[in-house]
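First up is the structure itself, then whatever we jot down about it.
The values are calculated or read from the model by the stated rules, or taken from the named source; none is laboratory data. Everything numeric in this text was worked out from a predicted model, so none of it was measured. Note: ideal-geometry Cβ built from the backbone for every residue, glycine included; neighbour counts use all protein chains shown. Each accessible area value is taken on the protein alone, full model and side chains, heavy atoms only, with ligands, DNA and RNA left out. Shrake-Rupley method; radii C 1.70, N 1.55, O 1.52, S 1.80 Å.
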Amino acid sequence: MKRVFTILAITGLLLFGAAPKAIAQDAAKTEQVADATESKTFHQELKQRFIEGGPFFMGIVLVALILGLAIAIERIIYLNMATTNTKKLVSSVDDALASGGVEAAKEVCRNTKGPVASIFYQGLDRMDEGVEAAEKAVVGYGGVQMGLLEKNISWLSLFIALAPMLGFMGTVIGMIDAFDSIQAAGDISPTVVAGGIKVALLTTVFGLVVAIILQIFYNYIISKVDSIVNNMEDASISLVDLLVRHKK
């Protein structure tokens with residue numbers, strides 16, 4: 001997971017590391033920017049809007065996006081690696097129990113990745129104490145594996161809630177700046193308040209975009225966790241049935 005955080009942090013620095021330099025160049029190249037507006041790429045337009053929104057709040061929203069994406073990518077990789085063909089595993093354990101007993105079935109579980117195989121191993125390891133002990137081990141270790149599947153998801157939901165809140169805070173501060181400009185100028189002309197209102201709207205937009213992106217990842221992760229948990233429960237019931245049948 002540290003490697004994922006490092007990669008995304010470097011990406012964020014590469015994308016927006018030139019922001020302070022661009023701010024300094026904007027004042028000297030105002031006319032050139034106006035002439036080249038039509039030929040701007042999406043990346044250039046995005047960077048310009050980011051700079052116009054102000055470095056403080058936009059930077060915090062960007063950090064929320066990078067950290068949220070790091071958690072989401074780490075969870076997606078982990079969950080994909082945790083996905084197991086439970087029907088094939090149950091069939092392999094059944095054949096191993098029939099041909100080589102509990103030790104052969106445990107070897108099958110050791111050679112299979114994923115939480116389902118780990119749960120099977122714990123149940124088989126308690127088989128010498130009886131089927132009831134094996135069933136308790138399966139239920140108990142299933143809770144442990146469920147906790148591992150849901151690890152760090154609460155942080156992702158935090159960034160989903162935090163991004164638009166930061167955007168709205170930037171909006172409030174932008175509006176305050178606009179009213180300060182009105183008070184200083186003693187006039188309510190569009191040119192006086194346009195800058196503050198523009199900053200306010202940009203921070204809101206970026207905060208909402210970040211929240212939408214992270215929400216899509218969050219929903220995918222939750223659906224993936226639910227799918228794996230359902231497979232775990234079905235496979236655990238099948239394992240108990242196998243143990244009862246081979247115990248006789």
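Taking the condition in contact with a helix residue (DSSP H, G or I) (Cβ under 7 Å, 6 or more places away or on another chain) and either at pLDDT 80 or above or surrounded by fewer than 16 Cβ atoms within 10 Å (Cβ to Cβ) (or both), does Gln183 pass? No, not satisfied. Name the residue, out of Ala64, Ala98, that is open to solvent by less than 20 Å² (accessible area, probe 1.4 Å) and either at pLDDT below 90 or among the aliphatic types (A, V, I, L, M) (or both). That would be Ala64, the only listed residue that is open to solvent by less than 20 Å² (accessible area, probe 1.4 Å) and either at pLDDT below 90 or among the aliphatic types (A, V, I, L, M) (or both).
Kindly evaluate Ser118 against the criterion of being under 23 Å from the mean Cα position of the chain (by Cα), of a type outside the set (A, V, I, L, M, F, W, C) and at pLDDT 85 or above. Spelling it out, it is not the case that Ser118 is under 23 Å from the mean Cα position of the chain (by Cα), of a type outside the set (A, V, I, L, M, F, W, C) and at pLDDT 85 or above. Reported count of residues in the range 219-248, each being open to solvent by 60 Å² or more (accessible area, probe 1.4 Å) and within 12 Å of the chain's Cα centre (by Cα), is 2.
Cβ-Cβ contacts under 7 Å between residues 6 or more apart (or on different chains), taken from a first residue in the range 143-166 that is under 14 Å from Ile71 (Cβ atoms) and among the acidic types (Asp, Glu) to a second residue that is open to solvent by less than 70 Å² (accessible area, probe 1.4 Å) and assigned to a helix (DSSP H, G or I), are listed as Glu150/Val225.
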